[in-house]
Amino acid sequence: MRKLAIDRRAYGLVVADELLFYRVYRTSFPGPDDAYFHFDFTRPRQITVQQYNQAKYHAPLMPYQDNEAVAFLPTGATLRCSPQDSVVRCFSAAGQLLRELPPSIEAAMEITSITVDAAHHLWTAVPGFHQVAQYELASAQKLYEVGGSWEPGELNHPESAICYEQTVFISDMGHQRLVQLNTRTKALQTYRTFTQAVWEYRRVGEQEVVRLQDGLYVL
């Protein structure tokens, strides 16, 4: 692994145009005073919040709620979910609210991450409930879950889930590992282990980036 020369407080990783976008705490809490950057694996460049949101939403839109999770559908529509209310909402490509998904989406605790697989199913990460779950998008019927208990088990505070091809990568923060889950067979196995908490995983071209407790690394 190689540690990137990026502020250790970086979070909110977004990938667009072969660049890694992120934000950095300027105060003790996330908010409008954050600084925003993109990184081309040579050096970081500071950008505006509008440029960050352009990369995050693929459109010049301000966020519906700050710090929300976003996933894209083939139509260009977005699914968005804020940890504050953990309601998954669907927006058109132009940013118009189309609908709220039924409350059968697990919201026992905060949903911190959402992603969509190749079959257009929704996946959610609920770290407080130690759960990652798959849902049918139209009905919000739960199709599969791993974890789902008030006590850590197979997962321990899964902070982030992101799908590439037929694999969901789960940042299993409490177990200090990155897990890969096959979306078809549901085979679950450890992808990488670390000696500290892991919060996010992203691919940027051929590069694999993880956010660990002390900063960002290339695998």
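Full extension of the chain between Thr193 and Trp150 yields a length gain of 13.1 nm, computed as 0.36 nm times the residue separation minus the alpha carbon distance.
One chain, two ends: His121 and Leu98. Fully extended at 0.36 nm per residue, the span grows by 6.5 nm beyond their Cα-Cα distance.
Here the chain is assigned +1 on the Cβ of each Lys and Arg and -1 on the Cβ of each Asp and Glu. Its dipole about the Cα centre then comes out at about 440 debye.
Going by average Cβ neighbours within 10 Å, how do the peptides 66-76, 194-204, 91-101 rank, with the highest at the top?
Numbers: 66-76: 15.5, 194-204: 18.1, 91-101: 13.0.
Answer by packing, highest mean first, reads 194-204, 66-76, 91-101.
Normalise the Debye intensity by I(0) for the chain, one equal point scatterer per Cα, no solvent, then take log10 at q = 0.07, 0.10, 0.12 Å⁻¹ and round to two decimals. Values, matching the q order: -0.20, -0.41, -0.61. Taking θ as phi - 60° and the Karplus parameters 6.51, -1.76 and 1.60, the scalar couplings of the range 160-175 work out to 8, 9, 9, 9, 10, 6, 10, 10, 9, 9, 10, 7, 7, 4, x, 8 Hz in sequence order, x denoting glycine and proline.
Reported to the nearest whole Å, the Cα centre-to-centre distance from the range 140-192 to the range 1-64 is 25. Working from Cα pairs under 8 Å separated by at least six residues, relative contact order for the range 70-118 is 37 percent.
The 3J(HN,Hα) values that the Karplus relation (6.51, -1.76, 1.60; θ = phi - 60°) gives for the range 2-9 are, in residue order, 10, 6, 8, 7, 10, 3, 5, 8 Hz. Gly and Pro appear as x. Per-residue 3J(HN,Hα) values for the range 151-157, derived from phi via the Karplus relation 6.51 cos²θ - 1.76 cosθ + 1.60 with θ = phi - 60°, read 10, x, x, 4, 10, 9, 6 Hz in sequence order (x marks Gly and Pro). Between the residues Thr78, Met62, Leu188, the greatest Cα displacement towards the positive end of the dipole of the chain, with unit charges on the Cβ of Lys, Arg, Asp and Glu, is found for Met62.
Rounded to the nearest 500, what is the chain's calculated 222 nm mean residue ellipticity when only DSSP H runs of at least 4 contribute -39500 (n - 2.57) each, over all residues?
Values: 1 runs with 9 residues, N = 219.
After summing the helix terms and dividing by residue count, I get -1000 deg cm²/dmol.
Considering only Thr124, Tyr201, Val87, and ranking their Cα positions along the charge dipole of the chain that arises from unit charges at the beta-carbon of Lys, Arg, Asp and Glu, the one farthest toward the positive end is Tyr201.
Any read-out appearing in this document is the output of simple, stated calculations on the displayed coordinates, not a laboratory observation. Not measured: the values here are computed from a predicted model. Note: ideal-geometry Cβ built from the backbone for every residue, glycine included; neighbour counts use all protein chains shown.
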